[in-house]
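The values are calculated or read from the model by the stated rules, or taken from the named source; none is laboratory data. If you're wondering where the values come from, they're calculated on a predicted model, not measured in any experiment. No Cβ is skipped: glycine too gets one built from the backbone with ideal geometry, and neighbour counts run over all protein chains shown.
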Amino acid sequence: MGYGLEVKDLCVDYITENGGHIRAVDNVSFSIEEGKSLGLAGESGCGKSTIAFSLMRLHKPPALISGGSIKMNGQEILTMSEKELQKFRWEQVSMVFQSAMNCLNPVVTLEKQFYEIFKYHGITNSVKIARELSEELLTIVGIPGERLKDYPHQFSGGMRQRAVIAMALALKPSLLILDEPTTALDTVVQRDILHRVYDLQKKFNFSILFITHDISLMMEFCDTIAIMYAGKIVEQASAKKILYQPSHPYSYGLKKSFPSLQGKIEYMEGIPGSPLNLNCIPKGCRFQDRCFKSSEICFSQEPEKAFNNKNFYYCHNPLIYENEV
Ligand SMILES: Nc1ncnc2c1ncn2[C@@H]1O[C@H](COP(=O)(O)OP(=O)(O)OP(=O)(O)O)[C@@H](O)[C@H]1O
Ligand SMILES: [Mg+2]
């Protein structure tokens, strides 16, 4: 039995009002070993959150998982019953959502919200034990235990975010999904929170799927990075490879459109054009119209998976480097 997450050929559709569908996630495969972290990057609308929701089986119509397999520690998630899922969520996989700081119930103290989690998942019915466990979790994310008595509005945005992360870790899940967990926070607080999460990862050995637009943040925290474009993973490689020698022209463009925090000041190039409309997928490569390396074949044939050691990409005209990092 494999430990960690394994996603194979995942397809997710959104059913449109006229009965048609758009495929937001198209044959996506990736895996995250126990204790490792994968960063998922790509422009807005490329399908990152749709993947995250699939891993928790949280989709509601009009979304539909139409194919593939998702295994967590060898167990298939896509065939689980609703009852099995209730146990599985938060115990095996938990998620900090985009705009998570607004997820807390504003009229309930933090203590009560933690208590409900422990009670619902059969950890304890004792208020006292739940309080001790919650205090420990809050302390780990840097919030004094006595703040449990407070309501969410009495916390700053950064503290609320940290409280949500503490809750996501309450049941020691095997996989933690962070979907833009710190976007609304300043960069110092962002890094502080992420450092705390990654310290915890070392302690508890859970896997992390980290979704963000901020590719420099991802480089700092992730072992491996998967780059998505228009519903597909176009490249997956070590953070170092994506940073210094990306193979796919889109990965190169994405990296170039972020300022680097260290080193010399570089001109930010950006990527010309706009993201693909998923209603009209062209023949060939999806990135064809925006790519500085596209040639005739890119307009007629979809690129196949090509390997470079453990890294892979889908591109007819990849960037080639003389000495590999
Ligand atoms: N409820 C929905 N109904 C129809 N289409 C949807 C729905 N939710 C998402 N989509 C479409 O699915 C695609 C992927 O959306 P998703 O939210 O996964 O993107 P994302 O990569 O997380 O973007 P962002 O970086 O902005 O969060 C988009 O084209 C979006 O328009
Ligand atoms: Mg999203």
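In segment 99-117 there is at least one residue that is under 20 Å from the mean Cα position of the chain (by Cα) and in a loop (DSSP other than H, G, I, E, B).
Among the residues of segment 161-178, at least one is within 16 Å of ligand 1 (Cβ to nearest atom) and within 20 Å of the chain's Cα centre (by Cα).
Restricting attention to segment 80-101 and to residues that are over 30 Å from D186 (Cβ atoms) and crowded, with 17+ Cβ neighbours inside 10 Å, the residue that is nearest to ligand 1 (Cβ to nearest atom) turns out to be R89. Restricting attention to segment 89-115, the residues being closer than 20 Å to V127 by Cβ and within 16 Å of ligand 2 (Cβ to nearest atom) number 0. Among the residues making up segment 151-174, those that are in a helix (DSSP H, G or I) and of a type in the set (A, V, I, L, M) are M159, A163, V164, I165, A166, M167, A168.
Per the conditions (1) more than 15 Å from the chain's Cα centre (by Cα); (2) away from ligand 2 (no atom under 16 Å from the Cβ), the sole criterion not satisfied by K36 is (1).
Among the candidates M218, M228, the residue that is touching a residue at least 60 places away in the same chain (Cβ under 8 Å), within 16 Å of ligand 1 (Cβ to nearest atom), among the hydrophobic types (A, V, I, L, M, F, W, C) and assigned to a helix (DSSP H, G or I) is uniquely M218. A search for C-beta distances below 6 Å between a residue of segment 294-310 that is assigned to a helix (DSSP H, G or I) and any residue that is surrounded by 12 or more Cβ atoms within 10 Å (Cβ to Cβ), counting only pairs 6+ apart in sequence or on different chains, returns I297/H316; C298/G284; C298/C285; C298/Q288; C298/H316; F299/G284; F299/Q288. Of the residues in segment 25-36, not one is within 9 Å of ligand 1 (Cβ to nearest atom) and modelled with pLDDT under 95.
Return yes when I177 is crowded, with 23+ Cβ neighbours inside 10 Å, in a strand (DSSP E or B) and away from ligand 2 (no atom under 16 Å from the Cβ) and no when it is not. Criteria not met by I177.
Applying the criterion of being within 7 Å of ligand 1 (Cβ to nearest atom), in contact (Cβ under 8 Å) with a residue 60 or more places away in the chain and in a loop (DSSP other than H, G, I, E, B) to the residues of segment 44-62, the residue that is surrounded by the most Cβ atoms within 10 Å (Cβ to Cβ) is C46.
Screening the candidates Q236, Q201 for the property of being surrounded by fewer than 20 Cβ atoms within 10 Å (Cβ to Cβ) and in contact (Cβ under 8 Å) with a residue 12 or more places away in the chain yields one hit, Q201.
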